[in-house]
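See below for the structure under consideration.
The values are calculated or read from the model by the stated rules, or taken from the named source; none is laboratory data. Since the model is a prediction, treat every value here as computed from it, not as a measurement. Cβ placement follows ideal geometry from the backbone for every residue including glycine, while neighbour counts extend to all protein chains displayed.
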Amino acid sequence: MRGCPADMDGRRPTAPPSVLPDISPARGEITHADDEINLPPCGGSEGRAETRGSGQGGWQGRGGRRRALLSAVFVSTLSTTAHAADLPRIMSMNVCTDQLVLLLAEPDQIASLSDLSLDPSLSFLHTDAAPYPKNSGRAEEVFLAKPDLVVTGTFSLHNTTSLLETLDFAVEEFAYNQSVDTIPGEIRRMGALVGQDAKAEDIASTYERDLADLRARQCPAKPTAIAYEQNGVVLGQGTLADSVIDAAGLTNLATELGYSAMTPLPLEELVSHQPDIVIVSEPMADAPALADQIAHHPALRALQTARIGAFVPRGAWACGGPFVIEAVRALTELREEIASCDPAR
Amino acid sequence: MLNAILGLACLVLTAVSLLVGPADLDLRSSVSGLFAGGDEAAMIIMQEIRLPRALLALTIGISLGLAGAVLQGLLRNPLAEPGLIGVTSSASFGAVAIFYTGLAGASLYALPAGALAGAALSVVLLLAIAARNGATLTLILAGVALTSLTGALTSLVLNLSPNPFASYEIIFWLLGSLRDRSMSHVWLALPLMALGWLLLAASARALDALSLGEEAASSLGIRLSATRLLVVLGTALAVGAGTAVAGAIGFIGLVVPHLVRPFTDRLPSSLLVPSALGGGALLLAADIAARLVVPTRELNVGVLTALIGAPFFLWLVVRARRELF
């Protein structure tokens, strides 16, 4: 976070809680124009989690309660940081564990994060990740950093992981396959690992409550949606995106058609099933690839009844974390916009 | 007669190509979707997905077949072919170098610009090599070296791109595909390719004269440098524009002239139209097969043309060895 030097030198927790009233509804909102989250400056890490947990609607309707909660959590941070020296130093080698570590660990607990943590399309917390040292997932870097614990994903780096385990480093792996319902468990597990159980419990229960609230808004009208990623790859059954689409009260067309995991779907098939919502991913601005052009194919644009766009805040469903609630919320709001639950209408 | 048969084959295969696809469309809705409209989904599938694909297969095949026939005539070398002598892979590299570095934004126009430049450079280089040493083998070896070099550079640029999808696109640029192209690709490539065809066709008379040898051709009033320029520009336009939108598709320009040659009077000029039509028909057929061989997962059409073309090339090499040594 730019402009928050206190984050790094460990003085942040002593900052007066008076910074909290700076959090205005406008700053807490998600702006779709640049898909950056404007975070309250120099807030505590719980503050960030709360910001995401509440999101667009939350700040408008329930701002007062949120602020009270924030203050309470902030005070609890003050008490925990006294023991920060005893807490384990963590090195994260996976973009998904990066974000859980960022949310839960104290700044001086973080030895380094993976270099993908800066990628806005994968890392929802990429701005928060900026001040920390980065690693590229090599065993040598672990030797130099000598962390108490290495956290990584089961998806890659198997050689590095097994090498580190042979050499008696503590390595914890987090599964890549997740759903909206496994996320609270992962938050609590990471909280226990980094010695921040209370903070994890708080974030996880807020997430569970928000998820239940959003699920309660589901209704029999279930428009079809499809996540059509680069190269025409769809996110089918078993993916986090599939569970997000389901939690938002939509039908995932890819799952309906029998696709599981990430599978290419011919554009013709998408067109012939005419989904109500096509969720495309946003291209990287500075590094073009042909893979991104599928989103601009005239055949997609010619689907007159379909809503086509990014819709999901950037990076919000790339990894399991409390911010996934923003993806559920965005899709829930989109669903309510296109298909009313009111049977009278 | 030959041209009529090949032209008919092109028409039939274009029609088949329009009828093949993962979406189950019956004949009636396909035809009405293509011409009249009607059902929205059928119309979009026919007009925006299948039509550009069939048109690109036909026109890129024509470009590759024609360029192969002209290069074989100009270089008097039965193994000359845009893919084998490195023109296609240079075009790929040119397109990749300009597009992925983001020099031109994400604009599609960067692709043909880069591909044309790459293709033109490689033809100039190869002509320079061929002018010094006319042996069949030299040109092929130079082409192999150029193909490897530009292929490696293509992979390098794509690997260095920070976009994680770029490295998956190595296979597209090395073994092309026509999957999910759109009419904007057709409008991008077709005018350039058509100009290339005209330039290549304009070299026909010179190619006939050249079959008697360069000195004889000069004495017949053929300006060799002008012919070379025509071929360089024509090949760069035809092959470069095609590669820009479909990646590197090899061996069409090698196989087709050899297949149709026995049915002509063996003059280079009378080979041009049959080679062009044959190229169109062959690429259409290969692209149909690419969609049908493994129904659930489409193949890259470049894989299929290489599967047909590479054994054919080996056979030509073995036969040529008997004649040359």
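List of remarks:
- The condition of being more than 14 Å from every other protein chain (Cβ to nearest Cβ), over 27 Å from B:ILE45 (Cβ atoms) and of a type outside the set (Val, Ile, Thr) holds for only one of A:ALA327, A:ALA339, that being A:ALA327.
- Count - residues of segment A:284-296 that are assigned to a loop (DSSP other than H, G, I, E, B), modelled with pLDDT of 80 or more and charged (D, E, K, R): 0
- Matching option when the condition is crowded, with 23+ Cβ neighbours inside 10 Å, touching a residue at least 60 places away in the same chain (Cβ under 8 Å) and touching a strand residue (DSSP E or B) at 6+ places or on another chain (Cβ under 9 Å), among B:GLY114, B:GLY176: B:GLY114
- Among the residues of segment A:284-296, those that are at the interface with chain B (Cβ under 8 Å from one of its Cβ atoms) and under 18 Å from A:LEU265 (Cα atoms) comprise A:LEU290, A:ALA291, A:ASP292, A:GLN293, A:ILE294.
- Among the residues of segment B:230-286, none is identified as in contact with an Asp or Glu (Cβ under 7 Å, 6 or more places away or on another chain), under 28 Å from B:LEU111 (Cα atoms) and surrounded by fewer than 24 Cβ atoms within 10 Å (Cβ to Cβ).
- Residues of segment B:2-22 classified as away from every other protein chain (no Cβ under 12 Å) and under 21 Å from B:GLY247 (Cβ atoms), total: 3
- Taken over segment A:144-162, the criterion of being in a helix (DSSP H, G or I) and of a type outside the set (A, V, I, L, M) is satisfied by A:HIS158, A:ASN159, A:THR160, A:THR161, A:SER162.
- In segment B:156-172 there is at least one residue that is of a type outside the set (D, E, K, R) and either away from chain A (no Cβ under 14 Å) or closer than 29 Å to B:ARG266 by Cβ (or both).
- A:ALA299 vs. criteria over 15 Å from the mean Cα position of the chain (by Cα), within 14 Å of chain B (Cβ to nearest Cβ) and assigned to a helix (DSSP H, G or I): yes
- Hits in segment A:234-257 - residues which are farther than 24 Å from B:GLU40 by Cβ and surrounded by fewer than 18 Cβ atoms within 10 Å (Cβ to Cβ): A:GLN237, A:GLY238
- The test for being within 14 Å of chain A (Cβ to nearest Cβ) and under 20 Å from the mean Cα position of the chain (by Cα) holds for B:ALA115.
- Taking the criterion of being charged (D, E, K, R) and closer than 21 Å to A:ALA248 by Cα, the residues of segment A:187-226 that qualify are A:GLU208, A:ARG209, A:ASP210, A:ASP213, A:ARG215, A:ARG217, A:LYS222.
- Matching entry among A:GLU141, A:GLU201 (being part of a helix (DSSP H, G or I), at pLDDT 90 or above and surrounded by fewer than 21 Cβ atoms within 10 Å (Cβ to Cβ)): A:GLU201
- Considering segment A:243-283, and only residues there that are touching a Pro at 6+ places or on another chain (Cβ under 7 Å) and within 8 Å of chain B (Cβ to nearest Cβ), the residue that is farthest from B:TYR109 (Cα to Cα) turns out to be A:GLU269.
- Selection within segment B:88-112 - aliphatic (A, V, I, L, M), part of a helix (DSSP H, G or I) and within 14 Å of another protein chain (Cβ to nearest Cβ): B:ALA95, B:VAL96, B:ALA97, B:ILE98, B:ALA110, B:LEU111
- Answer from B:ILE49, B:ILE85 - the residue that is in contact (Cβ under 8 Å) with a residue 12 or more places away in the chain and in a helix (DSSP H, G or I): B:ILE49
- Looking across segment B:23-46, just one residue is at the interface with chain A (Cβ under 9 Å from one of its Cβ atoms) and in contact (Cβ under 8 Å) with a residue 24 or more places away in the chain, and that is B:ILE45.
- Among the residues listed as B:LEU74, B:LEU66, B:LEU79, B:LEU55, the single one being hydrophobic (A, V, I, L, M, F, W, C), under 19 Å from the mean Cα position of the chain (by Cα) and outside any helix (DSSP H, G or I): B:LEU79
- Test for A:THR263: is it in a strand (DSSP E or B), of a type outside the set (Phe, Trp, Tyr), surrounded by fewer than 23 Cβ atoms within 10 Å (Cβ to Cβ) and not assigned by TED's automatic domain parsing to the domain that holds A:ALA105: yes
- Residues located in segment A:307-324, provided they are more than 18 Å from A:ASP181 (Cα to Cα), within 14 Å of chain B (Cβ to nearest Cβ) and crowded, with 21+ Cβ neighbours inside 10 Å: A:GLY315
- A Cβ distance below 6 Å, combined with a sequence gap of six or more or placement on separate chains, defines the contacts here; from segment A:163-179, residues that are free of Cβ contacts under 8 Å to residues at least 60 places away in the same chain and in a strand (DSSP E or B) reach residues that are hydroxyl-bearing (Ser, Thr, Tyr) and surrounded by fewer than 18 Cβ atoms within 10 Å (Cβ to Cβ) in the pairs A:GLU173/A:THR154.
- Of the candidates A:PRO322, A:PRO283, the single residue that is closer than 29 Å to B:THR101 by Cβ and in contact with a helix residue (DSSP H, G or I) (Cβ under 6 Å, 6 or more places away or on another chain) is A:PRO283.
- Segment B:1-21, residues that are part of a loop (DSSP other than H, G, I, E, B) and either surrounded by 19 or more Cβ atoms within 10 Å (Cβ to Cβ) or without any contact (Cβ under 8 Å) to a residue 40 or more places away in the chain (or both): B:MET1, B:GLY21
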